[in-house]
Amino acid sequence: MPPDIEPAACDLILSGGTILTLDAADTVHADGAIAVRGRDIVAIGPREAVEAAWTAPRRMDCAGRLLMPGLVNVHNHTPLMITRGMIEDLGFAPMFTPGIPQGHRLSEEEASLLARLGVYEMLRNGCTTIVDFYRYPQALARAHAELGSRAVIAGRVHDADPEELTRRRYVYDSALARETLAENADLIAAFDGYDAGRIRCDWAPHAPDTCSDACLREVADLARGQGGNIHTHLCQSPIEVEQVRARSGLTPPQALDAAGLLDSRLIAAHCIHVDPQDYDLMGSAGIAMAYTPIGNAKTGRIAPVLDLAAAGTAVTLCTDTFSGDLFEAMRWAVAMQRVRANGRSVLDARTALRWATQAGAERLGLGDRIGALTVGRRADLLVLDTDAPGIAPVIDGYGILVWSANGGHVRSVIVDGRVVIEDGRLTTADGPALVREAQAVAERLWREAGRRPVTRRADA
Ligand SMILES: [Zn+2]
């Protein structure tokens, strides 16, 4: 650049470090830099070139660090943080497990405090885009709005009575359908498009068994006029498969198809107990699965991910609330599929990283905005601590991230050009206070459920 050309102004320059762009050519910049203006990346490349062309009031020294796109965690229910560390040994899913504090027993205030813990944890672990759906969806939206994540929010639509579900009985109540559908319509009116689209609102029928066929059709009708995705659980348990078959003679994917929901908008979590005769149906419909390797393994299950993918189902990745660490999920994804393939090396680190970034972004309709670091995309990115012993040696970059790194190696997180985690600290709220508040809520609710938290004396 000729010396008489003034550098252009931007807001933030991340200077130095190795940048894994995950762009179409898998470009890597050793000793690179990124210029951010507003919400967007305006330059990325060799450090000298970017710093000669751009000037900013704020410069983040990333020398020696590893930079990468933020992770896309496509399926969560943040208030279910209440069950973490307990449900794993008590039952297979909170909705079907008696004696635990869960959705229909939480107040909106309690859901809000638990959601803030969930959002904080995911941000702290490098998830910049989070799909979150549950009861009180506006409380979820407020948590993401406040803490700075990019989020896709929905209310949990169902008409099966949750108290009856804990007794393994399906009792459908149309009043519940009306209530939860209205809750989602109100959410959309209040939050869809919030903060220049940082928060989007979709639809989320809970599952083909907890929604009656009429309820599923109603969601399809209401969602038809709107963009975005449909989020659900699919083939999560034998109980679901049995219930749907008893009700309609169909498999769960066929029931979704009959309701008009099995198409390229659908992101279906789990997909474990899939009848092989449905592989082609799901693949040709162009649905995506939200692969939940850790959650599945906790109940001794492995989803037939590669069979579904071979038939055309897209694969994305999630932690489903019980951990916020998508690095861990990437590692489990590859490992569990190798177990399922009887030891064949069927997947590699780069594929898992793609599922956790670009694939999730694309399926959320955000493929041109996030999922890779390129000029014109939103500045959603992570700065990883390469001084930590667990993240060395960096050779191809991808292997160390998937096979050795964890969310604790994330030092700084930028979403929409805003630094939301800086050197491990949440900038948008008091992180430790969020943890304490959620702990207090959980202690109270578990005590009501008959469990004394070890943090409290018996006489307290
Ligand atoms: Zn779920």
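Observations
- Helix 238-248 axis versus longest C-alpha principal axis of the chain: approximately 60°, rounded to the nearest ten.
- Element breakdown for region 43-98 at a 1.4 angstrom probe: carbon and sulfur atoms account for 52% of the accessible area.
- Among the protein heavy atoms of region 204-332, carbon and sulfur supply 50% of the accessible surface, probe 1.4 Å, non-protein parts ignored.
- In the frame of its principal axes, region 117-203 has Cα extents of 39, 28, 14 Å, reported largest first.
- Once the chain from ARG178 to GLU242 is taken as fully extended at 0.36 nm per residue, the excess over their C-alpha distance is 20.5 nm.
- Whole-number accessible area per residue in Å² for region 294-421, which is evaluated in the context of all protein chains at 1.4 Å: 34 Å²
- In this structure the amide hydrogen of GLY45, modeled in the peptide plane, comes within under 5 Å of the amide hydrogens of ALA33, none closer than 5 places in sequence on its chain.
- Disulfide-incompatible cysteines by the Cβ rule (no partner under 4.7 Å) in the chain: CYS10, CYS62, CYS127, CYS201, CYS235, CYS271, CYS318
- Amide N proximity, region 200-232 versus ALA258 label position 7 Å along Cα-to-Cβ, cut-off under 20 Å: 205-222, 232
- If R0 is 35 Å, the Cβ-Cβ spacing of LYS298 and THR374 corresponds to a FRET efficiency of close to 0.45.
- Using the empirical formula 2.2 N^0.38 Å as the baseline, the Cα radius of gyration of region 346-460 reaches a ratio of 1.45.
- By the Cα gyration tensor, region 276-361 has an equivalent ellipsoid whose semi-axes, rounded to whole angstrom, run 19, 15, 13 from largest to smallest.
- For the chain, the longest principal axis of the C-alpha atoms and the axis of helix 431-448 are separated by about 10°.
- Point-charge dipole on Cβ atoms (K/R +1, D/E -1) for the chain, about Cα centre, debye to 20: 780 debye
- Positive-end residue, the chain charge dipole about Cα centroid, Cβ charges, pick of HIS409, ILE199, TYR291: HIS409
- With R₀ set to 56 Å, the beta-carbon distance separating LEU222 from ARG58 gives a calculated FRET efficiency near 0.80.
- Considering helices alone, the calculated mean residue ellipticity of the chain at 222 nm is -10000 deg cm²/dmol, with DSSP H runs of length four and up weighted by -39500 (n - 2.57) and normalised per residue.
- For the chain, diffusion coefficient by Stokes-Einstein and Kirkwood Rh (Cα), 20 °C, 1.002 mPa s, µm²/s: 95 µm²/s
- Computed accessible area, LEU306, all protein chains, 1.4 angstrom probe, square angstrom: 50 Å²
- DSSP-defined beta bridges in the chain - what % are antiparallel, rounded to 5: 45 percent
- Region 1-122 pair-distance distribution - Cα-Cα, 5 Å bins, rounded %: 2, 9, 15, 13, 11, 8, 7, 9, 10, 8, 4, 2, 1, 1, 0
- Here the label points at ALA388 and TRP403, each 7 Å from Cα along the C-beta direction, are separated by 1.8 nm in the simple model.
- Carbon + sulfur, % of accessible area of region 115-175 - ligands and nucleic acids excluded, 1.4 Å: 45 percent
- Cα shape, region 335-378, gyration tensor, a/c 1.5 rule: prolate
- Solvent-accessible heavy-atom area per residue, rounded to whole Å², over region 104-237 at 1.4 Å: 31 Å²
- Taking region 385-460 and dividing mean pair separation by its residue count, relative contact order in percent (alpha carbons under 8 Å, at least six apart): 14 percent
- Entry note: region 284-427 has Rg to Rh equal to 0.97, where both radii use alpha-carbon atoms and Rh is the Kirkwood radius.
- Share of alpha-carbon pairs per 10 Å distance bin for region 368-412, given as whole %: 27, 43, 28, 2
- Acute angle (nearest 10 degrees) that the helix 174-191 long axis makes with the longest principal axis of the chain, alpha-carbon atoms: 20 degrees
- Spread of Cα-to-Cα distances over 5 Å intervals beginning at zero, given as percent, for region 78-136: 4, 19, 28, 22, 19, 8, 1
- Label point at ARG168 placed 7 Å out along Cα→Cβ; residues across region 231-268 whose backbone nitrogen lies under 19 Å: 235-247
- Placing unit charges on the Cβ atoms of the charged side chains and taking the dipole of region 31-172 about its Cα centre, the candidate lying farthest along the positive direction among VAL50, GLY38, PHE133 is VAL50.
- Mean separation of Cα contacts under 8 Å (6+ apart) over length of the chain, as relative contact order %: 18 percent
- With all projection directions averaged, the alpha carbon convex hull of region 165-292 covers 8.3 nm².
- Per-pair calculated FRET efficiency, R0 = 30 Å: GLU88 and ALA335 via Cβ, rounded to 0.05: 0.95
The values are calculated or read from the model by the stated rules, or taken from the named source; none is laboratory data. Keep in mind it's a predicted model, so treat the numbers as computed, not measured. Cβ atoms come from the backbone with ideal geometry, glycine included; neighbour counts cover every protein chain shown. For the accessible areas, the whole protein counts, side chains as well, though only heavy atoms, and no ligand, DNA or RNA atoms are used. Shrake-Rupley method; radii C 1.70, N 1.55, O 1.52, S 1.80 Å.
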